[in-house]
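So the structure is just underneath, and the comments pick up after that.
A short reminder: the numbers here are calculations on the coordinates, not readings from a lab. All figures in this text were calculated on a predicted structure; none of them were measured in a lab. In this analysis, Cβ positions are derived from the backbone assuming ideal geometry, glycine residues included, and neighbour counts consider all displayed protein chains.
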Amino acid sequence: MGTRKITILDGGMGRELKKWGAPFKQPEWSALAMMVAPEIVKEVHKAFIASGASVITTNSYALVPFHIGEKRFKDQGKALATCAGKMARSAVTETQTGVRVAGSIPPLFGSYRADLYRSERVVEIASPLIEGLSPYVDLWLCETQSLIDEPIRIKSLIDRLDIQQKPFWVSFTLEDSQLNNEPLLRSGESVVDAVKAMVNAKVDAILFNCCQPEVINQSVKVTQHQLASIGAKNIEIGAYANAFPPQPKDATANKGLNELRADLTPSAYLDWARQWIQDGATLIGGCCGIGPEHIAVLAENLV
């Protein structure tokens, strides 16, 4: 493993909220818990902290018009983001830990849906999330990004709105069918081009999430090589896979609960994490279907 410090992130919120009894249905998805059961959100955060996560992520992933509707977003978006930030911060305070809170800035137009991206609406949708979360978070996590332009625009917006200039991490989701070829974002753009763009945008970390561990493995290698060739030594690499089977090009990740792979047990997931670390990753966690039991094994064996 070398001497690099490994940071353990949390796992997927959606299924864990459902396990804890939070209301959970489409189209609101995990946003519904923020509306009617925020205390359960806090308890799930605390479960991930207890499992050994040193970074937890706000439950703001579904607080976008795609999930909660245009009117509700306009009326309640910022307040719901504020609540998400408060619940995460309260979980840290109540557990008396030094755990950091990452403010989740999700894909603004739906998971995996690069085709729905509208650059002219980024400021309108992202601003309430940033403003609501900002007082409570230690860093920003722009996650499950399917294309290059969206995180660049969000980074520029955060640079204007967040006067504290917190660290900014970007996590891309990858095309699952590219297991034996050059890894691609779900937009079809290459990981190499994404890494170059993120270096130019001066991000603090490049991660990969919400896709299979196999394709993440390739992308971590490509990212490490690209950063080394550029000389960008201060940008960390991270990975947090989901437990889904391969998702086709027309997958939406929003229609319902996907089946989970039976082979991604906590010990099997640890094997993948060790490979990512060997290839250069230092930020390790889980996405959909990766729960506190997985994170506990990561924390026990990697830190």
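Once you have the Cα-Cα distance between Ser156 and Ala228, take 0.36 nm times their residue separation minus that, and quote the gain in nm to one decimal. Please report the intermediate quantities before stating the final value.
Working: separation 72, 0.36 × 72 = 25.92 nm, distance 2.50 nm.
Separation in residues times 0.36 nm, less the Cα-Cα distance, equals 23.4 nm.
Extension gain, Gln165-Asp263: 0.36 nm per intervening residue step, less the Cα-Cα distance, totals 31.2 nm.
Between Ser190 and Glu94, how high is the FRET efficiency from 1/(1 + (r/R0)^6) when r is the Cβ-Cβ distance and R₀ = 41 Å? Nearest 0.05. Before the final figure, lay out the partial values.
Numbers: r = 43 Å, r/R0 = 1.06.
Taking R0 as 41 Å, the efficiency between Ser190 and Glu94 is 0.40.
Taking amide H positions as modeled 1.01 Å from N, with prolines and chain starts lacking one, the residues under 5 Å from Gln145 and 5 or more places away or on another chain are Ser171, Phe172, Thr173. DSSP bridge analysis restricted to the chain gives an antiparallel fraction near 5%, rounded to the nearest 5.
Just flag the trypsin sites (Lys or Arg not before Pro) in segment 11-111 sitting in loop per DSSP whose Cβ has no more than 16 other Cβ atoms within 10 Å. It would help to have the intermediate numbers written out before the result.
Working: sites: Arg15, Lys18, Lys19, Lys25, Lys42, Lys46, Lys71, Arg72, Lys74, Lys78, Lys86, Arg89, Arg100; in loops: Lys25.
Those satisfying the criteria are Lys25.
Dipole size of segment 1-62 about its Cα centre, with +1 on Lys/Arg Cβ and -1 on Asp/Glu Cβ: approximately 200 debye, rounded to the nearest 20.
Backbone phi angles across segment 223-231, fed through the Karplus curve with coefficients 6.51, -1.76 and 1.60 (θ = phi - 60°), yield HN-Hα couplings of 5, 4, 5, 5, 5, 5, 5, 7, x Hz in residue order; Gly and Pro are listed as x. Determine the shape class of the chain: with a ≥ b ≥ c the square roots of the Cα gyration tensor eigenvalues, call it rounded for a/c under 1.5, and otherwise prolate if a/b is greater than b/c, oblate otherwise. Because its axes are fairly even, with a/c under 1.5, the chain counts as rounded. Using a cut-off of 26 Å between Cα atoms, the listed pairs Lys19/Lys46; Lys74/Lys196; Lys78/Lys166 include Lys74/Lys196 as exceeding that distance.
Based on Cα contacts under 8 Å between residues 6+ apart, segment 7-302 shows a relative contact order of 20 percent. Calculated [222 nm] ellipticity per residue, helices only, for the chain: -13500 deg cm²/dmol; basis is -39500 (n - 2.57) per DSSP H run with n ≥ 4, divided by all residues, nearest 500.
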